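Everything on this sheet refers to the single structure shown next.
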Amino acid sequence: MNDDLRLHWPRPAAAWHEAAPVGNGRLGAMVFGGTTSARVQINDSTLWSGTPATPAEGLAAVRAAGAGPGRLAAARDALRAGDHRGAESLLMAFEGRYSQEYLPFADLTLGLGLTAAARYGGRTLGLDDGVVEESATEGPLTVRRRTWASRPAEALCLDLAVTGGTLAATLALTTPLRALRRTASPEGLTLAAALPVDGAPLHEQGVAEPLRYAEHPGDEAAADAATRAGGYDPYAVLAVRVDTDGRVTVADGTWSVSGMTRLLVTVSSSSAAADVWHGRAPAARAEHRARAAATAHRALTQGPEALLRAHRDDLRPLLAAARLTFGTRRAGTHDVARDLLSGADEHLTATVMFQLGRYLLASCSRPGGGPPANLQGMWNAELRPAWSSNYTLNINTEMNYWPAEPTGLGECHEPLFRLLDRLAATGAEAARSLYGTRGWVAHHNTDMWGWALPVGMGHGDPSWALWMMGGAWLAQHLWDHYDFTRDTAFLRERAWPVLRGQAAFCLDWLVEGDDGLLDTLPSTSPENHFLSPRGRPEALTRSAAIDTALVRATLTRALAAARITGAGDDPLCAEIEAALPRLRTPGATAAGHLREWADDLPEEDPRHRHLSPMAAVYPLDQITPDTTPELAAAALRLLERRGPGAMGWSWAWKIALRARLGDGDTARALFAEAVRPLDHDTGTHAPVDGSVWGGLLPNLLSTHPPFQMDGNFGLPAGLAELVVQSHGGRIRLLPALPAGWGEGSATGLRCRGGLAVDLAWRDGALTAVTLRRVGGDGAEPVPVVHGSAETEVTVAAGAAVTLDGELRPAC
């Protein structure tokens, strides 16, 4: 613990964007801190508007509006004839309503019998153990408070200790949702709420009832009867249980204690949505209340020290699995404004942002918890958050999980795989009904229910709404997990069935062009437009570069998975082998930059924030300086054309791309832009075109604005790429180290093939490296490259090999 990395804020949070996040994969909280009053804003990652039937209802609606294979064929004919507007008009019928909203749950407010004269010692968040610590003093009294979210206990925990006297306190629980039941007793508080059965995104201003509740959510007998009949009751409960040595009173629903020196608060939840997520039969309302209360009580009986010890024993090994330190500073308590947001020490800032991103992913995405990390991770205080705080599949959800494998958080991938299982089911019916294909499809957005349709309500811009490759991109994460771990059981049992379904869809989605090559049609490049010969912005064409890259990756990896798992005689494999040589290949425009579409079309916005054609560089490994130098040069020219920053996720992608192309110095400059404090109003949403740049909030969360967590997740992935890369069958050490970051070290960075790497460098040169076998084939040779030096080693199962800076065996 003495070498822990801690963030410090000297004052309580005055607003949500100053609060400190904690989470256990299901429950999350933003800790505001304070003396006389302290707010803890609580989220449950299973609390979404909508119902399990929402995807099927949406599909039925678009089918009734005329969407289907016949209309798709007509739209394709219109595009072939150059009639973009006619094609758009036909395809608008395919746009469903919207994916659902991720919702806040409650606020727990702790009132303390201190006065305004009490001195606050600040808040500290441990990025190695996930504990927020606070202190306050007034006269002889000293108050210490610790807050954490325990995965073993399935509870949010708040521990308070008083020395130098006794103290009084109150607890209150409120919700922005429709409250159905509130109770207060000496044991604690309970709050039950109804969730909306439909929630419209903030940008859909024309929806008459943007948050719609069921007609009679408070009728418990009717709700339970409907549940027993197979219906869905949008019900959730939060239970607060308290242990203290003071005198407890409850009056008019208010919980109070006086004369205390200790207070332990545990909070747990139960929801109908969680039952659905985990494949359980939905419980009756009384059972939800009993379940939440029992979990909170079980945690309470352990006592604070045992609870904290179990929490740290669970989280610390995961967070310690990998470290990346730029410079020599890591351990200690760092003032966020003074040491980080000021730009005083870019090495420390890079070190902190690497660990912060890992900490956030480990806090909001764990096996057995809730749905995967969404646009805001799992932290949200708004009933109508920006873009519904959902899953946006044309970059954002994928970026959330880019650091999972390379930074030692492979287990955090599991909730995403569970969502993929759901999408493979809902998306199969959408693929068959809308497009007449096999397999499954996903588009621009999804939610915890597995929404698989296009969104847009018939007026969404086709550049984002009518993109059919969301499932193809998400499915790459299954292969990535296998590639890093070489877990063949996972590949056979989890990955192959989903990859096979996506490969079947891709095969059926392809159509033959006039030249005999296979195209995606219609195709868009999210979220850009090209200019038609008439000078009008258009979105629909054939074979955008990202489509072809994703189809190629899906087919190639599905074929490899089949052969590895013994399914090589599957008839689909022969179809894949026949299709792969007929896919279009990437190319350059007449100006020399990587083409965004199959044809050399002028972009409406040459500096567009999206870098969709660059997916072939990162994360898909299809264009590299070693294997395709001319295309890599064209990709670099496209990056230069796009220019520097825009918002968090765009910066993170550009950093990773520069790293893959060996340009560490520009990556460093981009990082410096990305970690500047936001210099304008956090509550005003910036234009989506990137004309107003984002930055970091006072709590170091990344924002456009609005706040989006993807930038925080993308940065550690990009930073890791500067130090270790493992695509293309070789491990590259310091492949893109910035000149100004000449000293540092890393431990536990993961490489494809089942390897972990520890290394150190000084004056920009490698001093030592150790490769450890954590999975895969111990007899497989491992090529290792650093600068002009190259060697090949064998790392046996469970063994390690150490080399010096010249890649010679260390003595």
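Identify all residues within segment 573-584 that are of a type outside the set (A, V, I, L, M, F, W, C), in contact (Cβ under 8 Å) with a residue 24 or more places away in the chain and under 15 Å from Q622 (Cα atoms); write none if there are none.
Once the filter is applied, which keeps residues that are of a type outside the set (A, V, I, L, M, F, W, C), in contact (Cβ under 8 Å) with a residue 24 or more places away in the chain and under 15 Å from Q622 (Cα atoms), segment 573-584 yields only R584.
Filter segment 176-200 down to the residues that are closer than 26 Å to N445 by Cα and either out of contact with any Pro (no Cβ under 9 Å at 6 or more places or on another chain) or assigned to a loop (DSSP other than H, G, I, E, B) (or both) and list them by number.
P176, L177, L195, P196, V197, A200
Name every residue in segment 1-31 that is under 14 Å from D129 (Cα atoms) and either touching a Gly at 6+ places or on another chain (Cβ under 7 Å) or buried (at least 19 other Cβ atoms within 10 Å of the Cβ) (or both), in order of residue number.
Result: D4, L5, R6, L7, A20, P21, V22, G23, N24.
Take G728 and tell me if it is assigned to a loop (DSSP other than H, G, I, E, B) and of a type in the set (G, A, S).
So G728 fails the test.
Check T109 against each of (1) of a type in the set (S, T, N, Q); (2) farther than 30 Å from D159 by Cβ; (3) outside any loop (DSSP other than H, G, I, E, B) and name the one condition it does not meet.
That leaves (2) as the condition not met.
Name the single residue that is surrounded by the most Cβ atoms within 10 Å (Cβ to Cβ) among those in segment 527-573 being of a type in the set (G, A, S) and in a loop (DSSP other than H, G, I, E, B).
Across segment 527-573, the extreme among qualifying residues is A544.
Here are A208, A292, A310: which of them is of a type outside the set (S, T, N, Q), surrounded by fewer than 18 Cβ atoms within 10 Å (Cβ to Cβ) and over 30 Å from D3 (Cα atoms)?
On inspection, the qualifying residue turns out to be A208.
Within the bounds of segment 578-586, is there any residue that is among the basic types (K, R), at pLDDT 95 or above, under 24 Å from A503 (Cα atoms) and not in a loop (DSSP other than H, G, I, E, B)?
yes
Taking D600 and the conditions (1) crowded, with 20+ Cβ neighbours inside 10 Å; (2) at pLDDT 95 or above, which numbered condition does it fall short on, given that it satisfies the others?
Of the numbered conditions (1) crowded, with 20+ Cβ neighbours inside 10 Å; (2) at pLDDT 95 or above, the odd one out for D600 is (1).
Could you go through segment 630-650 and let me know if any residue there is in a loop (DSSP other than H, G, I, E, B), within 24 Å of the chain's Cα centre (by Cα) and touching a residue at least 60 places away in the same chain (Cβ under 8 Å).
Yes, that holds for at least one residue.
For (1) in the same structural domain as A615 (by TED's automatic domain parsing); (2) on the phi < 0 side of the Ramachandran plot; (3) free of Cβ contacts under 8 Å to residues at least 60 places away in the same chain; (4) buried (at least 22 other Cβ atoms within 10 Å of the Cβ), each residue gets a yes or a no:
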site: G694; (1), (2), (3), (4): no, yes, yes, yes
site: S702; (1), (2), (3), (4): no, yes, yes, yes
site: F713; (1), (2), (3), (4): no, yes, no, yes
site: T767; (1), (2), (3), (4): no, yes, yes, no
site: E780; (1), (2), (3), (4): no, yes, yes, no
site: S788; (1), (2), (3), (4): no, yes, yes, no
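If we scan segment 232-242, do we find a residue that is within 29 Å of G113 (Cβ to Cβ) and not aliphatic (A, V, I, L, M)?
yes
Mind checking which residues of segment 792-811 are within 21 Å of R323 (Cα to Cα), more than 35 Å from the chain's Cα centre (by Cα) and in a strand (DSSP E or B)?
Result: L803, D804.
Tell me the residue from A756, A746 that is within 28 Å of the chain's Cα centre (by Cα), touching a residue at least 12 places away in the same chain (Cβ under 8 Å), within 21 Å of L657 (Cα to Cα) and not in a loop (DSSP other than H, G, I, E, B), please.
Only one candidate qualifies: A746.
If only one of A169, A136, A117, A161 is more than 33 Å from the chain's Cα centre (by Cα), surrounded by fewer than 21 Cβ atoms within 10 Å (Cβ to Cβ), in a strand (DSSP E or B) and assigned by TED's automatic domain parsing to the domain that holds V250, which one is it?
Being more than 33 Å from the chain's Cα centre (by Cα), surrounded by fewer than 21 Cβ atoms within 10 Å (Cβ to Cβ), in a strand (DSSP E or B) and assigned by TED's automatic domain parsing to the domain that holds V250 holds for just one of A169, A136, A117, A161, which is A161.
Which of the residues spanning segment 759-791 are in contact with a Gly (Cβ under 7 Å, 6 or more places away or on another chain) and within 16 Å of A321 (Cα to Cα)?
Result: R773, V774, G775.
Kindly indicate whether any position in segment 53-70 is in contact with a Gly (Cβ under 6 Å, 6 or more places away or on another chain), in contact (Cβ under 8 Å) with a residue 60 or more places away in the chain and hydroxyl-bearing (S, T, Y).
no
Can you tell me which of A381, A404 is touching a residue at least 24 places away in the same chain (Cβ under 8 Å) and either basic (K, R) or crowded, with 24+ Cβ neighbours inside 10 Å (or both)?
A404
Can you tell me which residue among A251, A239, A221 is over 30 Å from V143 (Cα atoms) and either modelled with pLDDT of 95 or more or out of contact with any strand residue (DSSP E or B) (no Cβ under 6 Å at 6 or more places or on another chain) (or both)?
None of the others qualify; the one that does is A221.
Residues T333, T325, T351: which one is modelled with pLDDT of 95 or more, surrounded by fewer than 20 Cβ atoms within 10 Å (Cβ to Cβ) and not in a loop (DSSP other than H, G, I, E, B)?
T333
Within segment 434-484, track down each residue that is among the polar types (S, T, N, Q) and closer than 23 Å to I576 by Cα.
T437, Q476, listed by residue number.
The values are calculated or read from the model by the stated rules, or taken from the named source; none is laboratory data. Keep in mind it's a predicted model, so treat the numbers as computed, not measured. Reconstructed Cβ throughout: ideal geometry from the backbone, glycine too, with neighbour counts over all protein chains shown.
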